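Everything on this sheet refers to the single structure shown next.
Values quoted throughout were computed directly from the atomic coordinates according to the rules given, and no laboratory measurement underlies them. This is a predicted model, so every value here is computed, not measured. Ideal geometry is used to build each Cβ from the backbone, glycine not excepted, and the neighbour counts take in all protein chains shown.
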Amino acid sequence: MPRPKKWRKVCCMPRNTEFVPVGMNFQSDDTVVMTVDEYETIRLIDHENFTQEECAGYMKIARTTVQQIYNHARQKLSVLLVEGKPLVIRGGEYQLCDGNEPYCRCGGCQRSRRGCRQTEEGDNS
């Protein structure tokens, strides 16, 4: 019996899911597809400066899995940059944050949004 699939925790969906180089005409088979969990590793490691170990803890998966996902994502980024191909972010093996996490650094989960509203309301009084 195969081991059950372990979903990767993603805090929030990307704001932009399509990127196209300016002035280029493309066919749909030219598009590079990055999964949401690949996007999340790029966001956490490169944008939020997480280590792979921290990223693994945040996404609730093994560090070796993070390394594999991250390497796939970077390979896709190199193809779209070097070859000038469009990027679409969709799909993957992920589960969105349910708001019950002890912390959320991207501000996208329900718990973080509730905390931000409370802070703003407290500042206005």
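Here are the numbers for the structure shown:
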{"item": "Net lengthening on full extension, Met24/Asn71 (0.36 nm per residue, minus Cα-Cα)", "result": "14.2 nm"}
{"item": "Prolate/oblate/rounded label for the stretch 8-97 (Cα gyration tensor, a/c 1.5)", "result": "prolate"}
{"item": "Spacing of the two label points (7 Å from each Cα toward its C-beta) at Thr17 and Lys5, in nm", "result": "1.7 nm"}
{"item": "Centroid-to-centroid separation of the stretch 56-100 and the stretch 23-51 [C-alpha atoms, Å]", "result": "7 Å"}
{"item": "Glu18, Glu40, Glu54 arranged by Cβ crowding within 10 Å, fewest neighbours leading", "result": "Glu18, Glu54, Glu40"}
{"item": "From phi via Karplus (6.51, -1.76, 1.60), per-residue ³J(HN,Hα) for the stretch 31-43 in Hz, x at Gly/Pro", "result": "6, 8, 9, 9, 7, 5, 5, 5, 4, 4, 5, 5, 4"}
{"item": "Integer Hz, Karplus 6.51/-1.76/1.60 couplings in order for the stretch 6-15, x for Gly and Pro", "result": "9, 6, 8, 6, 10, 6, 8, 6, x, 5"}
{"item": "Likely footprinting exposure, His47, His72, fewest C-beta neighbours within 10 Å first", "result": "His47, His72"}
{"item": "Built amide H within the under 5 Å cut-off of Tyr94, gap 5+", "result": "Arg8"}
{"item": "For Thr35, Thr64, Thr41, order by how many other beta-carbon atoms lie within 10 Å, fewest first", "result": "Thr64, Thr35, Thr41"}
